[in-house]
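Q: My questions all concern the structure below.
The values are calculated or read from the model by the stated rules, or taken from the named source; none is laboratory data. All of these numbers come straight from a predicted model, not from anything done at the bench. For neighbour counting, all protein chains shown are included, and Cβ atoms are generated from backbone atoms with ideal geometry for every residue, glycine included. To get the accessible areas, we keep the full protein, side chains included, count just its heavy atoms, and leave off ligands, DNA and RNA. Shrake-Rupley method; radii C 1.70, N 1.55, O 1.52, S 1.80 Å.
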There are 2 protein chains.
Amino acid sequence: MSLPNTPRLLLGPGPSPVSARVAAALAAPQRSHLDPELVAQLDRIRGALLRVFRADPAAAALAISGTGTSGMEAVIANLTRPGSRALVVVTGYFGERLATMLARYGADVTCVEGEWGRAIDPAAVEARLKEATFDLVAVVHAETSTGVCNPVADIARLAHAHDALVIVDAVTSLGAMPLEVAAWGVDACYSCSQKGLGAPSGMAPVVFSPRALERLVDCRSFYLDLNLLLDYWVRRKYHHTISAPLVYALAEALGEVEDEGLEARWERHRMVHEAFVEAMARLGLTLLPPPPERLWSLNTVRVPAGVDEARVRKQLLERESIEIGAGLGPLAGQIFRIGLMGSGATLENVERLSTALAAALQESRV
Amino acid sequence: MSLPNTPRLLLGPGPSPVSARVAAALAAPQRSHLDPELVAQLDRIRGALLRVFRADPAAAALAISGTGTSGMEAVIANLTRPGSRALVVVTGYFGERLATMLARYGADVTCVEGEWGRAIDPAAVEARLKEATFDLVAVVHAETSTGVCNPVADIARLAHAHDALVIVDAVTSLGAMPLEVAAWGVDACYSCSQKGLGAPSGMAPVVFSPRALERLVDCRSFYLDLNLLLDYWVRRKYHHTISAPLVYALAEALGEVEDEGLEARWERHRMVHEAFVEAMARLGLTLLPPPPERLWSLNTVRVPAGVDEARVRKQLLERESIEIGAGLGPLAGQIFRIGLMGSGATLENVERLSTALAAALQESRV
């Protein structure tokens, strides 16, 4: 069996397309995990991550050798002990995953539930914080299942007023829309390599604030133990054999972010998102969240009545080699998830997708 | 800062060199984690892993999205509950790591300790099995810190006679020397992608026997939960966003193993190891383990008296762009660790290294 050998336009919820520069990085000559030329790339990544997260220079930033889900688990494993009281904002699939994972690590979990497709009301979070004491408040910034942006700055301010640590999932926001780890008071934040940053998946950027570093627990996981990871990333002590191609790709992807300028990159994502919304309106299609709550990176488009949504996706994939995503959980069959992220966030892609989608919708009437 | 752009001959304890075919695979067009063309590669990998592990067709084989250390943790996390009684063979650094990780997952750990540089005596394991009851017996097949091969078949037979599950670390043996998961009665085995298989690091092949699958515990880790991983690998249900380049590289590396033939590949490693030992003898150098206990994949060479070992490694790296490894733990400064693994196991590399090493030793007298 051979490998895929034709291009595919990746406009689903991630991975996003890889640029020529990042693709070339994958093929750079191998180095081992302790080679001076490899660890120099780790230093480069650490510095760039502090900047892309907008973190305190005294924070600890590195990339877990795994996907975004391993980043979520690393943050939880290093900050949760049995009996930790955790308040989790659940407005979609990934909020549920946060709650599940915190419970696996022994936390006493309370959920603030919100409608799938809407942002959480900070007043609902405040009400819970007044009712009980929490060690941790966890929230998904960009809820990939619904296309909604939660008000992290407001939630973090409330959580800090009650002395809780703030954990934020930035898997679908990092590099694509405003995220201000230091200014908002986020204590631990994780993301992935394959969305706003535009690298392949397999590395999970994480950052821990100075306050979080003072509250690390005895980590049960060895692979995800932050102190052991810092031994490697900072002190060059063997912990695991990091993947050179993924390090190279992430380093170059972060280099592209810096060359473009982080704020210019956010603005590009915003502008492309607005153009996408207008293009959908011309097709008579609407987005699930109200305008102020929409992500710029990932759009959730309601499937019109009388359309076979699986057939639409299949036609786009097979006829146009364009991938878009399906709904998850209660939104399965209800929405398309369309990502315009990283190097994929272009007006050209909006145009190409709109044209293909119009044809696919026409042919998928039931 | 730019990426490495010169070749380096990787003859340390891993990663091993990547062949042109595997390097090309990294650059194949991206697909998402649920793309039909990507999941077809997962099926290809599952089948090839059952064959390279020599596992029961009813076993579960897949690759964890992480390094070999994540494979170790995945096996432990899915088979250890608080209070599990574990007997661990410790003859080096990675045996110690097994004991540490089992303890982190709540196991009651008993160690059978052996000399660093020697294989364990199965009688020592048998004595402990007679003294107490154990749920798990864990052993490193190819101890990367000492260059020694432990008698896994004997230990597994003893463990089965006492109804314990057998966990085996095959990080430095898979694809390079005989490993017979089914015939030896190994219940759970993990490895890495970047040694005998010749892919870059970042994927950890694991296999669980039918007996192990009946004894899975409630896994605390979400990322490493075998049932969730099987939901993805077998049932196509989203769990994490697997890294397409690493999947491609592992699939092609396993394809190379099958094209060569597994037994022919073992024989190539044996033959190259023998040639290496002879070449070292010509330089007056000896290996740490006695001949019958030596790995074919990784050679541990005693540093001769009066030589600055760090200077030798530095000179090889900087002048010849050849990497070899240093000793770990109590063997730091005592040995060089020289891997001839995967596509790096060639007579040409033995010759090139011997010549360079002779010069470096000459210039590193203290």
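Q: Just for the Cα atoms in segment B:43-122, what are the lengths along the principal axes, largest first, rounded to whole Å?
A: 39, 31, 23
Q: Next question. For segment A:241-366, what % of the accessible area comes from carbon and sulfur atoms, probe 1.4 Å?
A: 51
Q: Follow-up. Can you find, among B:G12, B:T286, A:S343, the residue sitting farthest towards the positive end of the charge dipole of the protein assembly as shown, where Lys and Arg contribute +1 and Asp and Glu -1 at Cβ?
A: Checked the options; the winner is A:S343.
Q: A further question follows. Summing both sides, how much accessible area is buried between B and A? Use a 1.4 Å probe and give Å² to the nearest 100.
A: Rounded to the nearest hundred, the buried surface is 5500 Å².
Q: When only alpha-carbon atoms are used, what values of Rg and Dmax, in angstrom, describe segment B:1-103?
A: According to the Cα coordinates of segment B:1-103, Rg and Dmax are 18.1, 51 Å.
Q: Mind putting a number on the dipole of segment A:20-259 about its Cα centre? Charges go on the C-beta only, +1 for Lys and Arg and -1 for Asp and Glu, and I need it in Debye to the nearest 20.
A: 440
Q: Taking the C-alpha atoms of segment A:224-366, how large are the radius of gyration and the largest Cα-Cα span, Dmax, in Å?
A: 19.4, 61
Q: I need the P(r) histogram for segment B:108-164: all alpha carbon pairs, bin width 5 Å from 0 out to the longest distance, whole percents.
A: Going from the shortest bin to the longest, the percentages are 4, 20, 32, 24, 14, 6, 0.
Q: What are the residues whose amide H is under 5 Å from the amide H of A:N299, where those residues sit 5 or more places off or on another chain and H is modelled from the backbone?
A: For A:N299, the qualifying residues are A:I338, A:G339, A:L340.
Q: Taking DSSP loops as anything outside H, G, I, E and B, show the longest stretch in chain A free of GluC sites (Glu not before Pro) there with at most 15 other beta carbons within 10 Å.
A: A:215-366
Q: Then there is this: Once Lys and Arg get +1 and Asp and Glu get -1 on their Cβ, which of A:A138, A:L3, A:A359 lies farthest toward the positive end of the dipole of chain A?
A: Going by the Cα projections, it comes out as A:L3.
Q: If the cut-off is a Cα-Cα distance under 13 Å, which aspartates and glutamates reach B:K130, setting aside same-chain residues fewer than 8 apart in sequence?
A: Once the sequence-local aspartates and glutamates are set aside, what remains near B:K130 is B:D163.
Q: Suppose every K and R has +1 on its Cβ and every D and E has -1 on its Cβ; what is the size of the dipole of segment A:87-220 about the Cα centre, in Debye to the nearest 20?
A: 300
Q: Now for a different question. May I ask you to derive the FRET efficiency for A:D163 and B:D43 from their Cβ-Cβ distance with R0 = 30 Å, giving the value to the nearest 0.05?
A: Once rounded, the FRET efficiency stands at 0.05.
Q: Report the gain in length on full extension from B:R81 to B:E115: 0.36 nm times residue separation, minus Cα-Cα distance, nm rounded to one decimal.
A: 9.3 nm
Q: Place a +1 charge on the Cβ of each Lys and Arg in segment B:248-366 and a -1 charge on the Cβ of each Asp and Glu, then give the dipole magnitude about the Cα centre in debye, rounded to the nearest 20.
A: About 700 debye.
Q: Here is a follow-up. I'd like the residues of segment B:234-248 whose 1.4 Å-probe accessible area shrinks by no less than 10 Å² going from the isolated chain to the full set of protein chains.
A: Residues shielded by partner chains are B:Y238, B:H239, B:H240, B:T241, B:S243, B:P245, B:L246, B:Y248.
Q: Taking beta carbons within 10 Å but only from partner chains, what does the mean come to for residues A:198-207?
A: Taking all residues of A:198-207 together, the mean is 4.
Q: Springs between alpha-carbon atoms under 10 Å, Gaussian network over chain B: tell me which of B:A249, B:A279, B:A28 tops the mean-square fluctuations.
A: With Cα springs under 10 Å in chain B, the top fluctuation among B:A249, B:A279, B:A28 is at B:A28.
Q: Give the Rg (one decimal place) followed by the Dmax (whole number) of chain A, computed from C-alpha coordinates and expressed in Å.
A: Rg then Dmax for chain A, in Å: 20.3, 61.
Q: Quick one: which residues, 5+ away or cross-chain, put their amide H under 5 Å from the amide H of A:L165? H built at 1.01 Å from N.
A: Placed amide hydrogens put A:L136, A:V137 under 5 Å from A:L165.
Q: Which percent of Cα-Cα pairs in segment A:294-366 sits in each 10 Å bin, short to long?
A: Using 10 Å bins, I get a P(r) of 19, 55, 24, 1 for segment A:294-366.
Q: Also, I was wondering about something else. Accessible area drop of at least 10 Å² (1.4 Å probe, protein heavy atoms): which residues of segment B:39-79 qualify, relative to the chain alone?
A: Correct list: B:A40, B:Q41, B:R44, B:S65, B:G66, B:T67, B:T69, B:S70, B:E73.
Q: Out of B:A127, B:L165, B:L230, whose Cα points farthest toward the positive end of the dipole of segment B:20-259 (charges: +1 Lys, Arg; -1 Asp, Glu; placed on Cβ)?
A: Highest projection toward the positive end goes to B:L230.
Q: Using a Förster distance of 45 angstrom, determine the FRET efficiency expected from the C-beta separation of B:D259 and A:S321, and round it to 0.05.
A: 0.95
Q: Could you do me a favour and compute the accessible area per residue for segment B:177-306, 1.4 Å probe, result in Å²?
A: 32
Q: Dividing the convex hull volume of the alpha carbon atoms of the protein assembly as shown by its residue count, what do you get in Å³ per residue?
A: 142
Q: 5 Å is the cut-off here: which amide hydrogens, built 1.01 Å from N in the peptide plane, fall below it relative to A:T241, excluding neighbours closer than 5 in sequence?
A: Here B:G68, B:T69 satisfy the definition.
Q: Can I ask one more? Step through the table entries A:K237/B:K195; B:K195/B:K237; A:K237/B:K314, compare each Cα-Cα distance with 22 Å, and write down the pairs that go over it.
A: In this structure, B:K195/B:K237 lie more than 22 Å apart at Cα.
Q: Here's another thing I want to ask about it. Quick one: 3J(HN,Hα) in Hz for segment A:265-278, Karplus 6.51/-1.76/1.60 with θ = phi - 60°, rounded, Gly and Pro as x.
A: Couplings: 5, 4, 4, 4, 4, 5, 5, 5, 4, 4, 5, 5, 4, 5 Hz.
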